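Shown next, in structure tokens, is the structure this report addresses.
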């Protein structure tokens, strides 16, 4: 059944046609009965000369009575069946729309779940890299040699972990003392003490804690869209040691997120009328399958307090959504996966 709506529309059309034609037959039959009665009256007036005509008129009256019986039965049986058929069709369409909504909500959940699992890995990376001896020594000894060694170590990490734009080591005063891509991003010596993501990372309670920030276009990284993860680098890499500074990693958000929203399992026809999004807690668009509105557009999302669901907006578009479920120790940032699907032609 490639187009259930077309079948339902056809059932409604047949019902209208059936009802109309039965009404037409009834109208014609009433006229025939009236003419037969008039003929009988005229035949009676004509006396013996009209007896033959009276026989014909009486037969016409009987035929009209039989037609009336047939149309009554047809109206009761066929029209009743057509009403039942159209009612069932309408119920089927409501059910199909419900299934469409549930399927799209499931796809939205799958999108945000993939994102959460990916970002969980980032939270793990920042915590264990912060205990690397090169990171700790860089801030413990605060020498040019230690910074150079740490920068080399960061460069090696970035060669293997291609999902990052850069990694920074920042001292307690907020000065960047080393980064992995110094040639491309000459940020060493820049002070970021006022940046909330640095201050929050420095205040993490232990080596098991980390901070995650919403996606931002960072000027120091050529306004690349990045998700920032940070934690404190502690003396002697001790779990509860004194914070010497912070390690900040910059997840290269745009290409990774684009890959997720552009690979939702939709048919070619569905893609022609569907937009897949990742939005933050304030419904700001973080990723979009059409590449539009990134960090600028706000999605008009009405969740009704639900974590997952679907509804149709005033224009008839299906809006399906699912809130971040989190993964392991990553609780998420209140983001949503969202699918906006325009009605198919003929639906």
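Every read-out reported here was derived from the displayed coordinates using simple, explicitly stated rules and does not represent laboratory data. Please read all numbers here as calculations on a predicted model, not as lab measurements. We place every Cβ from the backbone using ideal geometry, glycine too, and count neighbours over all the protein chains shown.
What FRET efficiency comes out for the pair residue 121/residue 141, r = Cβ-Cβ distance, R0 = 30 Å, nearest 0.05?
That pair, residue 121 with residue 141, gives E of 0.50.
May I ask you to derive the relative contact order of region 123-176, considering only C-alpha pairs under 8 Å and at least 6 residues apart, and to give it as an integer percent?
23 percent
What is the distance, in nm, between label points placed 7 Å from the Cα along the Cα-to-Cβ direction at residue 206 and at residue 69?
9.3 nm
Give me the one-decimal nm value for the distance between modelled label points at residue 240 and residue 156, 7 Å along each residue's Cα-to-Cβ direction.
Roughly 3.2 nm, to one decimal.
Which FRET efficiency value, to the nearest 0.05, do you get for residue 315 and residue 175 by plugging their Cβ-Cβ distance into 1/(1 + (r/R0)^6) with R0 = 41 Å?
The computed FRET efficiency comes out at 0.20.
Starting from the Cα-Cα distance between residue 222 and residue 282, subtract it from 0.36 nm times their residue separation and give me the gain in nm to one decimal.
Stretched fully, the residue 222-residue 282 segment lengthens by 19.1 nm.
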